[in-house]
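Trainee: Have a look at this one.
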Amino acid sequence: MLQLKNLCVDVDGNEILHNVNLTINTGETHVLFGPNGSGKTTLLMTIMGFPKYKVTKGSISFNGRDITGLPLDQRARLGIGMSFQRPPIVRGVKTADIVHATLGERDSEAEIHKLAMQANMIEFLHRDINHGFSGGEMKRSELMQLLAQRPELTLLDEPESGVDLENISLIGELMAELLEKNCPIRMRQCMGLIITHTGHILDYINARTGYVMVDGKLSCMGDPHEILKEIKEKGYVECARCAM
Amino acid sequence: MRQMRDVVTSDSYREKARSALSKAAAFGDDIDIDSFAQSAESGIYKDDPSQLAAADKERMLDTGVSLDDISRRSGTFIQVDNAPIHSSVTQDGIELIPISEAVARHDWLPDYWWKAVAVDSDKYTAHIELNQSNGYFIRTLPGVKSIFPVQSCLYLAKAQLAQNVHNIIIAEENSELDIITGCTTASGHESGLHLGVSEIYVKKGARVTFTMIHNWNPNIAVRPRTGILIDEGGLFMSNYVMMKPVGSLQMNPTAMCIGENSTVRFNSILVAPAGSNMDIGSRVILDARGARAEIISRAITTGGNIIARGYLEGNAPDIKGHLECRGLILEGGGSIHAIPELKGTLAGIDLSHEAAVGKIAEEEVQYLMSRGLTEDEATATIVRGFISVDIEGLPPMLNAELQRAIESSEGDFM
């Protein structure tokens, strides 16, 4: 279970998140909507543990353990993984290198090949990470790395942005596997928190809870399909009026 | 278009050399050559190079020169101080002999003597002409392809000695030659001076890969002077690795594409620990239609100083060249000075460069950490990637040798 209590987060001295409360139980996937600059990515980066995002108040607990002060890499090893909206290019480091490193004890050429086939990334394995990748290729690479990592909590920052319609279904299938969509909810071990603007990926996941973030606050909670419909009809202004 | 034999020359080398004896080099500290001994006792010739002392073989192995099993080498040459102590070949069509022997054997050798490097370039070339103490001669006959690399080692054993070598490499038409050359010292601390002229001729349709690994010490001064002439359709590829401390090293090899559609690639991997001073460049003059050049250097300082130069000059139609200098400062106290230069004298040429010097991007380290790597592991992965240059066209076996040499030095700075 992931639990955020009264979380306040500063970035470069400015408070971006204000008293955020959120609970994701094991097996659940939650969806986060919100306008640009509302703090959605900040929330994911804070949960992942990026040092730039400073928790000034409140706490983050993961499976009963307080991880508020835990370094980034230790959170990853505890079972938190993230797909980035704009992952950096790492020149000289091959995509296969990071998949090797992430697989840990399961590392083998066969396993890498299997994952790359699944993500349609075979021809990118020996290219520098994200160098010259299109938007869709980056997202597939991110999801391939997460499949190698097998996190218990998956954080996805706009996994469908920059992806053409043809590839949306592939991205969706990879997400479905990560979040154990086809597994009965009581047997699911994985959790997810997904940022989306378009909702295209809602068809591929079992998400029953959604939120809208406005100005660093979670201001709405409900069925993600319903929320998306509201946003499409009324925009985010209406969401700002709604309290959780 | 100039032909190889037409490249300008002069007959009075010694006279020219004498007039250049006090001519300082364009770059690098001025070395007092007279403070070094000019002669050393000649070592005993070894028919079997595996009989060399284990410590010496180990130093040579660090530079890619393998002596215990030479079956995977098409030839082996070893010079200790100023005397060759072994030369052998295992493949027909390849010559690998001391340069002194080549002078006696081939009356045409003057056609290649001081033709790719000017004897009066500076005081070091002049000194070599007047005090030359051997070197190697490597030649592939037309159409011959080296099955395994040819290896040579120039080894500095005597303290405070100046080693003065003159090497000539000729790849005849349509031949292929892979060379591994290692230069190193017996001691990790004694002072010495290595002066070396290398003249390399890549003839029509020939291909030469020249992989040079240096392993000096903080009290050694090194001044190689290298010139390469590439004829029509020829390919010259240099891979230079310098990852150990060196007191003062300055070199700026110049490749001249004199034949149409000739190609040059220079790849350099430089690591400067504290106390190291390197001024290392690569120059390519594209003088013939359709010639291609690529210069890539990766420089890392952990406290030493690196000047990484690159120069591309285009003087013919349809030429193309790219230069890339990237530097990484892992620890303070040192510096990296990247100096990329482009010169074009014709419309329609295509020359470009990119240069960057900085620290490892925090964003990249954290990205890898988000996959579960510790900060140290993430940093090491990025540094390893930085120096792992993709070398297009390098035979797999040579690539493996190169990676082995790089990996064996990684522990020194990571």
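The values are calculated or read from the model by the stated rules, or taken from the named source; none is laboratory data. Since the structure is predicted, the reported quantities are computational estimates derived from the model, not experimental observations. Cβ sites come from the backbone with ideal geometry, for glycine too, and all protein chains shown count toward neighbours.
Trainee: Where residues in the range B:1-27 are in contact with a strand residue (DSSP E or B) (Cβ under 8 Å, 6 or more places away or on another chain) and modelled with pLDDT under 95, which of them is surrounded by the most Cβ atoms within 10 Å (Cβ to Cβ)?
Mentor: Restricting to residues being in contact with a strand residue (DSSP E or B) (Cβ under 8 Å, 6 or more places away or on another chain) and modelled with pLDDT under 95, the top hit is B:MET4.
Trainee: Test B:THR76 against the criterion of being modelled with pLDDT under 90 and either surrounded by 15 or more Cβ atoms within 10 Å (Cβ to Cβ) or outside any loop (DSSP other than H, G, I, E, B) (or both), and give yes or no.
Mentor: Answer is no for this residue.
Trainee: What single numbered condition from (1) in contact with a strand residue (DSSP E or B) (Cβ under 9 Å, 6 or more places away or on another chain); (2) at pLDDT 95 or above fails to hold for B:GLY333?
Mentor: Going through the list (1) in contact with a strand residue (DSSP E or B) (Cβ under 9 Å, 6 or more places away or on another chain); (2) at pLDDT 95 or above, B:GLY333 breaks only (2).
Trainee: Mind checking which pairs have a first residue in the range B:369-385 that is outside the structural domain of B:LEU270 (by TED's automatic domain parsing) and a second that is of a type in the set (Ser, Thr, Tyr), Cβ under 6 Å, 6 or more apart or different chains?
Mentor: Close Cβ pairs satisfying both conditions: B:ARG371/A:THR102.
Trainee: B:ARG289 versus (1) in contact with a Gly (Cβ under 7 Å, 6 or more places away or on another chain); (2) surrounded by fewer than 21 Cβ atoms within 10 Å (Cβ to Cβ): which is the lone unmet condition?
Mentor: (1)
Trainee: Please indicate, with yes or no, whether at least one residue in the range A:112-123 is among the polar types (S, T, N, Q), outside any helix (DSSP H, G or I) and surrounded by 16 or more Cβ atoms within 10 Å (Cβ to Cβ).
Mentor: Scanning the range A:112-123, I find no residue that is among the polar types (S, T, N, Q), outside any helix (DSSP H, G or I) and surrounded by 16 or more Cβ atoms within 10 Å (Cβ to Cβ), so the answer is no.
Trainee: Here is a further query. Hey, does the range B:257-265 have a residue that's within 16 Å of the chain's Cα centre (by Cα) and of a type outside the set (A, V, I, L, M)?
Mentor: Checked the range B:257-265: at least one residue is within 16 Å of the chain's Cα centre (by Cα) and of a type outside the set (A, V, I, L, M).
Trainee: Of everything in the range A:152-182, what is under 13 Å from A:GLU142 (Cα atoms) and of a type in the set (Val, Ile, Thr)? Give them in sequence order.
Mentor: Within the range A:152-182, A:THR154, A:VAL163, A:ILE171 meet the criteria.
Trainee: Counting just the residues of the range A:84-99 that are facing another protein chain (nearest Cβ under 10 Å) and more than 14 Å from A:LYS139 (Cα to Cα), which one comes out surrounded by the fewest Cβ atoms within 10 Å (Cβ to Cβ)?
Mentor: Looking at the filtered set, the residue picked out is A:ARG91.
Trainee: Quickly run through the range A:164-189 and pick out the residues that are closer than 21 Å to A:GLU152 by Cα, of a type in the set (Val, Ile, Thr) and surrounded by 17 or more Cβ atoms within 10 Å (Cβ to Cβ).
Mentor: A:ILE171
Trainee: Here is a list of conditions, (1) modelled with pLDDT of 95 or more; (2) assigned to a loop (DSSP other than H, G, I, E, B), and B:ASP68 meets all of them except one; can you say which number that is?
Mentor: (1)
Trainee: Now a separate question. Tell me the helices (runs of 4 or more DSSP H) entirely within the range A:129-244 that contain at least 3 residues that are touching a residue at least 60 places away in the same chain (Cβ under 8 Å).
Mentor: A:135-149, A:224-234
Trainee: Can you find a residue in the range B:215-223 that is touching a helix residue (DSSP H, G or I) at 6+ places or on another chain (Cβ under 8 Å), farther than 29 Å from B:LEU156 by Cβ, at pLDDT 95 or above and assigned by TED's automatic domain parsing to the domain that holds B:ILE179?
Mentor: Looking through the range B:215-223, none of the residues is touching a helix residue (DSSP H, G or I) at 6+ places or on another chain (Cβ under 8 Å), farther than 29 Å from B:LEU156 by Cβ, at pLDDT 95 or above and assigned by TED's automatic domain parsing to the domain that holds B:ILE179.
Trainee: Checking the conditions here, which among B:GLU375, B:GLU324, B:GLU362, B:GLU331 is surrounded by fewer than 21 Cβ atoms within 10 Å (Cβ to Cβ), touching a Ser or Thr at 6+ places or on another chain (Cβ under 9 Å) and either within 14 Å of chain A (Cβ to nearest Cβ) or polar (S, T, N, Q) (or both)?
Mentor: B:GLU324
Trainee: For B:TYR367, are the conditions met, namely being in contact with a Gly (Cβ under 7 Å, 6 or more places away or on another chain), aromatic (Phe, Trp, Tyr) and not in a loop (DSSP other than H, G, I, E, B)?
Mentor: Criteria not met by B:TYR367.
Trainee: Before we move on, is A:GLY81 outside any helix (DSSP H, G or I), within 10 Å of another protein chain (Cβ to nearest Cβ), buried (at least 20 other Cβ atoms within 10 Å of the Cβ) and in contact with a Pro (Cβ under 8 Å, 6 or more places away or on another chain)?
Mentor: For A:GLY81, the condition - outside any helix (DSSP H, G or I), within 10 Å of another protein chain (Cβ to nearest Cβ), buried (at least 20 other Cβ atoms within 10 Å of the Cβ) and in contact with a Pro (Cβ under 8 Å, 6 or more places away or on another chain) - is met.
Trainee: Which members of the range B:227-236 meet the condition of being out of contact with any helix residue (DSSP H, G or I) (no Cβ under 6 Å at 6 or more places or on another chain), crowded, with 24+ Cβ neighbours inside 10 Å and part of a strand (DSSP E or B)?
Mentor: B:ILE228, B:ILE230, B:PHE236
Trainee: Any idea which of (1) part of a loop (DSSP other than H, G, I, E, B); (2) over 26 Å from A:ASP164 (Cα atoms); (3) under 18 Å from the mean Cα position of the chain (by Cα); (4) more than 12 Å from chain B (Cβ to nearest Cβ) is the one A:PHE50 doesn't satisfy?
Mentor: Going through (1) part of a loop (DSSP other than H, G, I, E, B); (2) over 26 Å from A:ASP164 (Cα atoms); (3) under 18 Å from the mean Cα position of the chain (by Cα); (4) more than 12 Å from chain B (Cβ to nearest Cβ) one by one, A:PHE50 breaks only (4).
Trainee: Does A:ILE122 fit the bill of being away from chain B (no Cβ under 12 Å) and in contact with a helix residue (DSSP H, G or I) (Cβ under 9 Å, 6 or more places away or on another chain)?
Mentor: yes
Trainee: May I pose another question? What residue, among those in the range B:284-317 that are of a type in the set (Lys, Arg) and more than 28 Å from B:ILE382 (Cα to Cα), is farthest from the chain's Cα centre (by Cα)?
Mentor: The residue in question is B:ARG289.
Residue by residue, here is whether (1) out of contact with any Gly (no Cβ under 6 Å at 6 or more places or on another chain); (2) assigned to a helix (DSSP H, G or I) holds:
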site	(1), (2)
A:LYS5	no, no
A:VAL9	yes, no
A:ILE16	no, no
A:ASN19	yes, no
A:LEU22	yes, no
A:THR26	yes, no
A:VAL31	no, no
A:GLY37	yes, no
A:LEU43	yes, yes
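Trainee: Could you please find all residues in the range A:46-70 being touching a Lys or Arg at 6+ places or on another chain (Cβ under 6 Å) and more than 17 Å from A:ASN21 (Cβ to Cβ)?
Mentor: Selection gives A:GLY49 alone.
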